[in-house]
Amino acid sequence: MSNLIRLIGRRLVALPVMVLGVTLLVFIVMSFSSADPARLALGESATPDALEQYRAAHHLNDPLLKRFWEYLLGLIHGDLGTSFTGAKISDMVAAAFPITLQLTFIGIFVAVILATILGIIAALYRDKWQDQVIRVISIASLATPSFWLALLMIQWWSDVPGGTGTFPSVITEWIPFGDEGYLRQITLPAIAVALPNSGSLTRVVRTAMVEELDKDYVRTAIGAGIPKNIVVARNVLRNALITPLTVLGLRIGYAMGGAVVIEMIFNIKGMGQLIFQGITRNDVNIVQGVSITVALAFIIINIVVDMLYVLVNPRIRSI
């Protein structure tokens, strides 16, 4: 138990350091933007005096480190600043971020299910025709861009002319989780997120399973008369999940980035729409708020994945 507490403590100590580093990096990068927040807020017809008053009121003339410190204090209290229209970015993110998380985690859930099943089958039938077929499928899905797959599925299965009409091509209003019609709206976007990620995860699961099956304890257990399916289910699978879990933490970040693109294709009002709005309007504060939110979510998710290692294999508690 003491080793487990130390493991959790090391992760929690590293969390604020990583959060501070990411926030500082994003803030410095966005500070180099050529956009003038005062000009964007007041318009092209604003007088120099009005522009200067706006900059003074919003501390835009303060040194960079002072502005970062004030931004950090606001971030601690959940304040991501305001857009040039005066809207609170924290409210905009609060409405958009849960949608992106839903799309990301449903896509990852589908990818994990597919990768686990295909990876186990490929490992158990190593170098046989089943393994060869799964290898081709995984490479093809890995090489398929998610945005191209989304457009292809819209053409085939959505309500556009020539499609089957089964799923909507454009989501005009997001249906909350659990309500009627939710699965219909999320199916195509989730598949577009899931398939490219399932390809890479399948190869990782297959490799980890093969390495575990070649270990001495597996041959000893099978030689002692224990059925192979029991050895695989109770020991091999659990030990082989360590490496896929490591990759899964990174794939969630990639899936979240892919979900942002998919949102644009299906007109989903998530973080993708929000950051696109900030870019097209040249609203630095929106882009900064979205970037920091996604980066912090990626850090926290990877910390949680680290904690899952302990549940999968107690031997890690001794590290």
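The values are calculated or read from the model by the stated rules, or taken from the named source; none is laboratory data. As the structure is a prediction and not an experimental result, all values here were calculated from the model. When we count neighbours, we look across all protein chains shown, and the Cβ atoms used for this are built from the backbone with ideal geometry, even at glycine. For accessibility, only protein heavy atoms count, side chains too; no ligands or nucleic acids. Shrake-Rupley method; radii C 1.70, N 1.55, O 1.52, S 1.80 Å.
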Accessible surface, segment 186-319, averaged per residue in Å² (probe 1.4 Å): 43
Sequence-distant residues sharing a close amide H with Phe167 (under 5 Å, placed H): Ser158, Asp159
Leading residue at positive end of dipole, the chain (Cβ point charges), from Pro244, Phe27, Ile99: Pro244
Set of lysines near Lys215 by C-alpha distance (under 28 Å), chain-local residues within fewer than 8 positions excluded: Lys128, Lys228
With all protein chains modelled, accessible area of Phe298 [1.4 Å, Å²]: 70
Gain in span if fully extended, Gln53 to Val13, counting 0.36 nm per residue against the direct Cα distance: 10.2 nm
Trypsin sites (Lys or Arg not before Pro), loop per DSSP, at most 14 other Cβ atoms within 10 Å - longest free stretch of the chain: 1-125
Efficiency of FRET between Ile76 and Met30 - r from beta-carbon atoms, R0 22 angstrom, step 0.05: 0.75
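Using the Cα centre of the chain as the reference point, and only Cβ charges (+1 on K/R, -1 on D/E), how large is the resulting charge dipole? Debye, rounded to the nearest 20.
1480
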Equivalent ellipsoid dimensions for the chain as semi-axes, Å, which come from the Cα gyration tensor, largest first: 44, 27, 14
Computed [θ] at 222 nm, helices only, for the chain once each DSSP H run of length n ≥ 4 contributes -39500 (n - 2.57): -24500 deg cm²/dmol
Charge dipole (debye, nearest 20) of segment 220-314; +1 at Cβ of Lys and Arg, -1 at Cβ of Asp and Glu: 340
Rounded Å value of the spacing that divides the Cα centres of segment 184-223 and segment 101-178: 15
R0 of 51 Å, Cβ-Cβ distance Asn61-Arg238: FRET efficiency to nearest 0.05: 0.30
Within the accessible area of segment 37-81 (1.4 Å probe), percent carbon and sulfur: 61
Net lengthening on full extension, Ser45/Thr144 (0.36 nm per residue, minus Cα-Cα): 30.8 nm
Tilt relative to the chain, helix 284-312 - C-alpha long axis, 0 to 90 degrees, to 10: 20
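If you keep only loop residues by DSSP, which GluC sites (Glu not before Pro) in segment 21-117 have at most 15 other Cβ atoms within 10 Å of their Cβ?
Glu44
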Extension gain from Ile222 to Thr172, taking 0.36 nm per residue of separation minus the Cα-Cα distance: 12.4 nm
Lys/Arg +1, Asp/Glu -1 at C-beta; the chain dipole; positive extreme among Val136, Ala41, Ala259: Val136
Sparsely packed GluC sites (Glu not before Pro) within segment 123-211, loop by DSSP, other Cβ within 10 Å at most 10: Glu173, Glu180
Taking the C-alpha atoms of segment 164-319, convex hull volume expressed per residue in Å³: 164
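Using the beta-carbon distance between Lys88 and Leu308 and R0 = 41 Å, what value does 1/(1 + (r/R0)^6) give for FRET efficiency, to the nearest 0.05?
0.75
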